[in-house]
Amino acid sequence: QVQLVESGGGLVQPGGSLRISCAASGSIFRISAMGWYRQVPGKERELVGIVTSGERTDYVDSVKGRFTISRDYAKNMVYLQMNSLKPEDTAVYYCNVNGQRRPDYRYFGVWGQGTLVTVSS
């Protein structure tokens, strides 16, 4: 089993910054990609940013230049640093991790429980 625990969401004023974190634990052999998605009521979940095992990163256009995704290989953690936040960034942010598990090396993909980020004055 692989579990994800997210933290760091909350209320922030427009123009402010926030960092959210996600820790993966369990029977992990290798992580291939870690990403952050977000969802607002009535809309589909969208990819915000992703980082692969080759350190390649990609972002949705609306957050480029404002958000930075990073990972800690030793701790199996992924972070999303969000700067210059806008009200339209308000959403539940979900962590997603893909990789291979022990002992059978089967591929897995898991989601976190979500953390709410509210950007409002």
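Each reported figure results from applying straightforward, stated rules to the coordinates on display, with no laboratory input. For clarity, every value in this text was computed on a predicted model and none was experimentally measured. When we count neighbours, we look across all protein chains shown, and the Cβ atoms used for this are built from the backbone with ideal geometry, even at glycine.
Taking GluC sites (Glu not before Pro) as exposed when DSSP calls them loop and at most 15 other C-beta atoms lie within 10 angstrom, the chain has its longest site-free stretch at 56-121. Just so you know, the Cα atoms of segment 42-110 work out to an Rg and Dmax of 13.9, 44 Å. Overall, the chain carries a charge dipole of about 260 debye about its Cα centre when +1 sits on the Cβ of Lys and Arg and -1 on the Cβ of Asp and Glu, all other atoms neutral. A simple rule links phi to the HN-Hα coupling: the Karplus curve 6.51 cos²θ - 1.76 cosθ + 1.60 with θ = phi - 60°, which for segment 21-30 gives 10, 9, 10, 9, 9, x, 8, 9, 8, 7 Hz, with x for Gly and Pro. Between the exposed loop cleavage positions of the chain, defined as trypsin sites (Lys or Arg not before Pro) in a non-H, G, I, E, B DSSP state with at most 11 neighbouring beta-carbon atoms within 10 angstrom, the longest gap is 1-42. Summarising the amide proton neighbourhood of Gly16: residues at separation of 5 or more, or on other chains, whose placed amide H is nearer than 5 Å comprise Leu85. Rank Gly99, Gly42, Gly26 by mean-square fluctuation in a GNM of the chain with C-alpha springs under 10 angstrom and give only the top-ranked residue. Of Gly99, Gly42, Gly26, the most mobile in the Gaussian network model is Gly42. Under 10 Å, Cα contacts only: if you run a Gaussian network model on the chain, which one of Asp104, Asp89, Asp72 comes out with the highest mean-square fluctuation? Ranking Asp104, Asp89, Asp72 by mean-square fluctuation puts Asp104 first. Projecting the alpha carbon convex hull of the chain along each direction and taking the average yields 7.2 nm². Placing a label point 7 Å from the Cα of Leu11 along the Cα-to-Cβ direction, the residues of segment 98-121 with a backbone N closer than 17 Å are 116-121.
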